[in-house]
Structure formats: structure tokens, C-alpha cells
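Below: the structure, in C-alpha cells.
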Amino acid sequence: MQTVSLSLLNEHKTVEFGSLMSKLCTSLCLKLKRSLLVTLEGDLGAGKTTFSRGFIKACGFSDVVRSPTYTLVETYDFDLYSVYHFDLYRLLDPEELEYMGIRDYFSKTSVSLVEWPDKAEGMLPEPDIRIYFTYKADTRDIVIESELVEQSELDAVKAGL
Ligand code: ADP
Ligand code: MG
């Protein structure tokens, strides 16, 4: 298991972190030609949506990135891949994911960012990258874990911040 810990000193750094992870994840999903699952764990206000905004903007999306709090998922289609941003906080029953056609989301060249993955209770594939966000008074602490990404690539993300 490759892992790295880092600290994000302000909101801007969280956006930048999202942007760096976007470069890494989109090139990986294009190389592997499959869907990549990135889970985002942490309390409310820990920075998951801020990270996702940085991620999606860095893919070339120039409009406002909306939080999928009520819609459960927002889709962003780019030329070569799609990004699906899930927020499962309000998911009442994991069965709902079945009705949404959750399997289709994981059968395309895509990156799925999933806030509150534990709400899916086993309806998601095994994550390729897990990101843990911890709320601190003025900063956010991050741990990234992955079996897929090289240690040097994780170290490069930390060094780039
Ligand atoms: P979540 O999606 O995890 O509930 P949000 O991204 O919606 O969290 O909210 C995070 C809040 O914390 C926002 O108000 C944002 O401005 C702030 N924030 C994000 N990253 C940092 C950081 N690194 N340091 C301090 N505040 C941050
Ligand atoms: Mg959120």
C-alpha cells in the first residue's frame, strides 16, 4: 500500500491539491482505459467538495461546480473521459444506487469522486485511491492511500503543494 500524509494550509491549497490529483487520475484512467474510483472521506466541512471543485476545474470545466448534495451525482463529460462527482450524504438506501444505474458509471473511461462512500454499503467497487480529510481549526490534514498509484507519484503531489 502506497501512502502519503500532507497538510493543506488554506482553501486555495485544497483546490490546488484537487488540481494535482486530477492530472494524476485522468492520465491514469486514460492509460488504463477504465473507470477509476477515488473515495473522499471526512466530516462535513473537511474539504471534500472544495477538493472536487479543484479537480473538475483542472479538467477544463469553466462553469460553476455544483455540490451534488441533492442530485447525488453531477456528470462532467470531457473529450476523452468523464468525471462523476458523487455526494452520498443524503442517500437513504444503498438500493437507490441500483436504480441510478451505478454500474454504468463504472464501465466507462472515467474518474468517479465519491463523498461519503460508506453510505453505499458495498455497492461500490474497491477504491483505487482513498483520500481522508481531517478538519483542523485553520487547516486540513490529508492522508492518501492507494495500491495503484506509485509512491513517487504520491510524493510528487505532496512536493507540488
Ligand atoms: P465537505 O465537502 O467535506 O463537507 P467543503 O469543501 O464543502 O467540505 O467545505 C470545506 C470548508 O472548509 C469550506 O468553507 C472551505 O472554504 C474550507 N476549507 C477548505 N480547505 C481548507 C483548508 N485547507 N484550510 C482551511 N479551510 C479550508
Ligand atoms: Mg461536500
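The values are calculated or read from the model by the stated rules, or taken from the named source; none is laboratory data. Just so it is clear, the structure is predicted and the values come from calculations on it, not from any experiment. Here Cβ is always computed from backbone atoms with ideal geometry, including for glycine, and neighbour counts include all displayed protein chains.
Mind counting the residues in the stretch 37-87 that are among the aromatic types (Phe, Trp, Tyr) and within 14 Å of ligand 2 (Cβ to nearest atom)? First the steps, then the outcome.
In the first step, residues of the stretch 37-87 are kept if they are among the aromatic types (Phe, Trp, Tyr); the result is 51, 55, 61, 70, 76, 78, 81, 84, 86.
Remaining after also requiring within 14 Å of ligand 2 (Cβ to nearest atom): 51, 55, 70, 86.
Adding up the residues that qualify gives 4.
Going through (1) surrounded by fewer than 19 Cβ atoms within 10 Å (Cβ to Cβ); (2) within 16 Å of ligand 2 (Cβ to nearest atom); (3) over 15 Å from the mean Cα position of the chain (by Cα) one by one, residue 122 falls short only on (2). The set of residues in the stretch 42-58 being buried (at least 22 other Cβ atoms within 10 Å of the Cβ) and more than 10 Å from ligand 1 (Cβ to nearest atom) consists of 55, 56. One residue stands out among those in the stretch 59-70 that are touching a strand residue (DSSP E or B) at 6+ places or on another chain (Cβ under 7 Å) and either closer than 17 Å to residue 88 by Cβ or of a type in the set (S, T, N, Q) (or both): the one that is surrounded by the most Cβ atoms within 10 Å (Cβ to Cβ), which is 68. Restrict the check to the stretch 12-34 and report whether at least one residue is assigned to a strand (DSSP E or B) and either modelled with pLDDT of 95 or more or within 16 Å of ligand 1 (Cβ to nearest atom) (or both). Within the stretch 12-34, none of the residues are assigned to a strand (DSSP E or B) and either modelled with pLDDT of 95 or more or within 16 Å of ligand 1 (Cβ to nearest atom) (or both). Using beta carbons and a limit of 9 Å, which pairs, at least six apart or on different chains, have the first residue in the stretch 39-53 and of a type in the set (Gly, Ala, Ser) and the second one assigned to a helix (DSSP H, G or I) and near ligand 1 (Cβ under 6 Å from one of its atoms)? Taking only residues 6 or more apart or on different chains, the pairs are 42/48; 47/11; 47/14. Only one entry in 111, 143 is in a strand (DSSP E or B) and in contact with a Cys (Cβ under 9 Å, 6 or more places away or on another chain), namely 111.
For first residues located in the stretch 1-22 and free of Cβ contacts under 8 Å to residues at least 40 places away in the same chain, partners that are among the polar types (S, T, N, Q) and within 13 Å of ligand 1 (Cβ to nearest atom) and lie 6+ apart or on another chain with Cβ distances below 8 Å form the pairs 11/50.
Can you tell me which residue among 74, 96 is surrounded by 15 or more Cβ atoms within 10 Å (Cβ to Cβ), of a type outside the set (Val, Ile, Thr) and at pLDDT below 95? Give the steps one after another, and end with the answer.
On the way: 74 fails: at pLDDT below 95.
Exactly one residue qualifies, and that residue is 96.
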